[in-house]
1. Return the only residue of 206, 242 being within 16 Å of ligand 2 (Cβ to nearest atom), within 22 Å of residue 306 (Cβ to Cβ), touching a strand residue (DSSP E or B) at 6+ places or on another chain (Cβ under 8 Å) and at pLDDT below 95.
2. Which numbered condition in (1) within 14 Å of ligand 2 (Cβ to nearest atom); (2) modelled with pLDDT under 95 is the only one that residue 354 fails?
3. If I filter the stretch 400-412 for residues that are of a type in the set (Ser, Thr, Tyr) and either surrounded by 22 or more Cβ atoms within 10 Å (Cβ to Cβ) or modelled with pLDDT under 95 (or both), do I get at least one hit?
4. Given the condition farther than 29 Å from residue 63 by Cα and more than 13 Å from ligand 2 (Cβ to nearest atom), answer yes or no: does some residue in the stretch 358-369 qualify?
5. For the stretch 97-151, enumerate the residues that are among the charged types (D, E, K, R) and over 33 Å from the mean Cα position of the chain (by Cα).
6. Being away from ligand 2 (no atom under 13 Å from the Cβ) and small (Gly, Ala, Ser) narrows it down to one residue among 372, 349; which is it?
7. Within the bounds of the stretch 124-134, is there any residue that is within 13 Å of ligand 1 (Cβ to nearest atom) and touching a Ser or Thr at 6+ places or on another chain (Cβ under 8 Å)?
8. Contact list please: Cβ distance under 9 Å, first residue in the stretch 97-108 and assigned by TED's automatic domain parsing to the domain that holds residue 122, second residue among the acidic types (Asp, Glu) and more than 16 Å from ligand 2 (Cβ to nearest atom), pairs at least six apart or on different chains.
Amino acid sequence: MEARQYIIDDSDKGMFKVHRSVLVQPEILTQERKKIFDRCWLYVGHVSEVKQPGDFKTRNVGGRPIIFTRGSDGEVRAFLNSCTHRGTLVCRERQGNAKSFQCFYHAWTFNNCGELVAVPGQDAYGQNFDKRELGLRSVPRFDHYKGFYFLSFDKSAVSLDEYLAGAKEYLDLIVDQSPTGELQIIQGTQEYDMLGNWKLLSENSFDDYHVAPTHITYLEYLKDSGVDVSMPKGLLMPKHGFGKSLGNGHAMIENETYRGRPIARWMPMYGEEAKEEIAQIRRELTQRLGEQRAMRVAETNRNLLIFPNLVINDGSSVTVRTYFPVTEKHMKITAWAIGPTDESPRARARRLDSFLTFYGPGGFATPDDVEALEVVQQGIATWQELEWSDLSRGMMKKDEDQLNTDELHLRTFWRRWNELMTKE
Ligand code: FES
Ligand code: FE
């Protein structure tokens, strides 16, 4: 494939452009699989999903089937879901609790720590056949940050801690929402498809510039429900916030909450009856974290992108969302709600309500975004004539002055993408 410049990044002119071919060409996806998905740390799951020994989830991560499980010895692991005999998926269930995994093809059996424990007719093998060498294969790198587990297929990747860089601060803000520091992925998963390039969702997940026009129906609904969504001139977001780079391609936007958020700010959407509970949650936060941090935890929303494809929306619910390309024009998205382990049934119900009715694939926000991104994908079929997209919003300002409606955070994603894609 001919070498092409993917990005124009000219700070003197305040100009940032992305070549649209990178959103439509299958060759680019082939390169991305090698240079991004085979290299970066990718989100696998949360510790609460494998709480008991034997708990497992099967997932597709970076194009590979994975078993995410806690062994009977208590250790959390990620195995390639492929039989060491002839390759079959060893576990075909989505989730469960198992002491062992038996391959259905010829019934080799592996315990939940990965050891090969039974081979039918083993006497037919020669003396070099060693069960100890034929256990389930662990992924090359596997680690967690405060219960968020990631893997990398690159043996020589930097540590997860180094990789996450400034994103850790924003994971901390989520963990701090729990009085015990324990979080739980709440049962129930949202899965849906979008006919768009996966990078469009990385952009969209923290693009506040689109919110007022794209989600106008929702904002009108909030206004009708008496929520203060004073629309300033130019149809920008109701309350301004800021955008920030967090290193290694991660970035986030943070803004004052206007539609209520879990813990301490359910009002006004959730009514008077929750008042006492909200005050109580707020007191606990202030006692534990101090007034300033409690304010930050309770009063602001954050959309965090951990490069390349993990989005945590810390908003009117807390959602963990990851997505992988199927083709250059098709992605699969999975999202979970996460919250403090011990929250009250009422708070839990509200969290799930927002997860469903705002972030869900049939909610107020996501169908608008699916529509927007699919329409982008359709529009850029013209990429050979109309080659460049513009992401230069706010580029003439200093980094510390970037608003959530500017595009610094989008540029952060693209700069890292470009760096990885152009590296030999
Ligand atoms: Fe699994 Fe043969 S492929 S036992
Ligand atoms: Fe949106």
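The values are calculated or read from the model by the stated rules, or taken from the named source; none is laboratory data. Note that the structure is predicted; figures quoted are calculated from it, not measured. A quick note on method: Cβ atoms are made from the backbone with ideal geometry, for glycine too, and the neighbour counts reach across all protein chains shown.
1. Of the residues listed, the single one that is within 16 Å of ligand 2 (Cβ to nearest atom), within 22 Å of residue 306 (Cβ to Cβ), touching a strand residue (DSSP E or B) at 6+ places or on another chain (Cβ under 8 Å) and at pLDDT below 95 is 206.
2. Condition not satisfied by residue 354: (1).
3. Scanning the stretch 400-412 turns up at least one residue that is of a type in the set (Ser, Thr, Tyr) and either surrounded by 22 or more Cβ atoms within 10 Å (Cβ to Cβ) or modelled with pLDDT under 95 (or both).
4. No, the stretch 358-369 has no match at all.
5. Result: 123, 130, 131, 132, 133.
6. 349
7. Within the stretch 124-134 (the criterion being within 13 Å of ligand 1 (Cβ to nearest atom) and touching a Ser or Thr at 6+ places or on another chain (Cβ under 8 Å)), the answer is yes, since at least one residue qualifies.
8. Sorted first by the residue in the stretch 97-108, then by its partner, the pairs are 97/55; 98/55.
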